[in-house]
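The values are calculated or read from the model by the stated rules, or taken from the named source; none is laboratory data. For clarity, every value in this text was computed on a predicted model and none was experimentally measured. As a convention, Cβ positions derive from the backbone with ideal geometry for all residues, glycine included, and neighbour counts pool all protein chains shown. Side chains are part of the model used for accessible areas, which takes the heavy atoms of the whole protein and leaves out ligands, DNA and RNA. Shrake-Rupley method; radii C 1.70, N 1.55, O 1.52, S 1.80 Å.
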Amino acid sequence: MDTFSRENIENLVSVPSHSGIAHFIRNIAGPVLDWSGLLGIIVLSLGTLIIPAISIVLLPAVIFLAVYQLVLIYFSQIRFYKIKVNSSKIELGLPKPVSFVFVSDIHVGSEYAATNNKRLQKIVDKINALNPELVLFGGDFFTERIEVERLQLLNGVKAPLQFGVYGNHDAYYLKNNVSYTLPTKFLEAIKTTNIKLLINESVNLQVNGVDLCIAGIPDLYSKNFDIKKAFADASPGTKRILLSHNPDVIDFIKEEDNIDLLLSGHNHSGQIFLPVIGAALPMPTKRRWLTKGLFQITKNTKLFLSQGVGYSGSRLRINTDAEICDITLT
Ligand SMILES: [Fe+2]
């Protein structure tokens, strides 16, 4: 079966429900989790009014819940603004090293857990501090609403070369489970920035004197991606980098595509990653082992998976970083 036949795509890509109810639950679950200690105290206090006998357990339970809530406040109100720059070296057999910055899942917006202006300015400052020639964006610029004005802060990024792809959250149309079409509202928004969006297309460029071909595809759930088409204009012999928001695109990558490096995000490394349990929140991937860092997915192709710099639903990140990836290809 042809890799990109409609039948194969329909078999391998399942789009999660974007119904109104599913959205409502997701939007409520995050704040409830972040303030669950306080909610517990309120419930216990109301409980004593109805069943006075439980007041005997109230004090120790309230102390426990208060301490628990203070920990949650640290994560959701202080650590939420901490953005880490993580450096990685990826061996691609280049004649000279090439450095660039990879940022995924910014999730700009006015929603509770979205990246507000204060966070976005920090992200921009941290990118500029690395003084990169090239910045690649892995999608999920927004969370739900396309907020063009908020996105303008990204114009503070000084790098001359900026490319990106769109993620599932940028494609508002997915709410109605309508795939195959382009998210026009998002495309208009991204035109107001310095980022060139790659939609089944590539650019051939030189960074630090090394030739690279960087291709990008639409989000997996759009079912409108085509890797072969994306690399159709690739210069022969150049190293091939593919940007795909969702790493599950590895189902569609073959050895003969000669992709040297796939860059993805989407999973936020589970956002809350506990010992033994692993990802505590549902991972939006078919593969729970796709958490972060470097994976060899075929003989020729490596996958680098970012933990993302933003949040989805909850403001909690435990044992995962809100990260900007400072990558050096060697
Ligand atoms: Fe995301």
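How big is the Kirkwood radius of the chain, worked out from every pair of different alpha carbons and given in Å to one decimal?
For the chain, the Kirkwood estimate is 20.9 Å.
Using Cα pairs closer than 8 Å and at least 6 residues apart in sequence, work out the relative contact order for region 35-78, in percent.
55 percent.
Full extension from Ser36 to Phe64: what is 0.36 nm times the residue separation minus their Cα-Cα distance, to one decimal in nm?
Stretched fully, the Ser36-Phe64 segment lengthens by 8.9 nm.
Could you check the spin-label model distance between Gln121 and Val57? Points 7 Å from the Cα along Cα→Cβ, value in nm.
4.7 nm
Whose amide H sits under 5 Å from the amide H of Ile318, counting only residues 5 or more places off or on another chain, with H placed in the peptide plane?
Ile272, Phe273
Quick one: angle between helix 20-34 and the longest Cα principal axis of the chain, in degrees between 0 and 90, rounded to 10, please.
Between helix and principal axis, roughly 60 degrees.
Using only the alpha-carbon atoms, how far is helix 117-129 inclined from the longest principal axis of the chain? Give it as 0 to 90 degrees, nearest 10.
The angle comes out near 40 degrees.
Take every Cα pair under 8 Å in the chain that's 6+ residues apart, average their separations, divide by the length, and report that relative contact order as a whole percent.
Once normalised by length, the contact order is 23 percent.
I need the peptides 158-171, 48-61, 317-330 ranked by packing, meaning the mean over residues of other C-beta atoms within 10 angstrom, with the highest value on top.
The packing order, highest mean first, is 158-171, 317-330, 48-61.
Separation between the Gln77 and Glu256 pseudo-spin-labels, each 7 Å from Cα along Cα→Cβ, expressed in nm?
5.9 nm
Rounded to whole Hz and in sequence order, give me ³J(HN,Hα) for region 305-321 from the Karplus expression 6.51 cos²θ - 1.76 cosθ + 1.60, θ = phi - 60°, writing x for Gly and Pro.
Listing the rounded values in order: 10, 7, 7, x, 9, x, 10, 9, x, 9, 8, 8, 10, 10, 6, 9, 9 Hz.
I'd like the Karplus ³J(HN,Hα) series for region 218-232: coefficients 6.51, -1.76, 1.60, θ = phi - 60°, whole numbers in Hz, and an x wherever there's a Gly or Pro.
Each residue's phi maps through the Karplus curve to give x, 3, 3, 5, 5, 6, 10, 9, 8, 5, 4, 4, 4, 9, 4 Hz.
Counting C-alpha atoms alone, how compact is region 35-78: give Rg to one decimal and Dmax as a whole number, in angstrom.
Rg and Dmax of region 35-78, Cα atoms, are 11.5, 38 Å.
Run the 1.4 Å probe and let me know the accessible area of Phe24, rounded to the nearest 10 Å².
130 Å²
Report, in degrees rounded to the nearest 10, the 0 to 90 angle that the Cα long axis of helix 55-73 makes with the longest principal axis of the chain.
Around 20 degrees separate the two axes.
Given the whole protein assembly as supplied and a 1.4 Å probe, what does the accessible area of Trp289 come to in Å², nearest 10?
Probe radius 1.4 Å; accessible area of Trp289 about 140 Å².
May I ask for the Kirkwood hydrodynamic radius of region 1-111, worked out over all distinct Cα pairs and given in angstroms to one decimal?
Kirkwood hydrodynamic radius for region 1-111: 19.8 Å.
In whole Hz, with x marking every Gly and Pro, tabulate ³J(HN,Hα) for region 36-51 from phi via Karplus 6.51 cos²θ - 1.76 cosθ + 1.60, θ = phi - 60°.
Each residue of region 36-51 in turn: 5, x, 5, 4, x, 5, 4, 4, 4, 5, 5, x, 5, 5, 7, 10 Hz.
Quick check: residue separation of Glu188 and Phe24 times 0.36 nm, minus the Cα distance between them. What number comes out in nm?
So the chain would gain 56.4 nm between Glu188 and Phe24.
Restricting to region 83-329, compute how many DSSP beta bridges are antiparallel as a %, nearest 5.
Taking every DSSP beta bridge with both residues in region 83-329, the antiparallel ones total about 35 percent.
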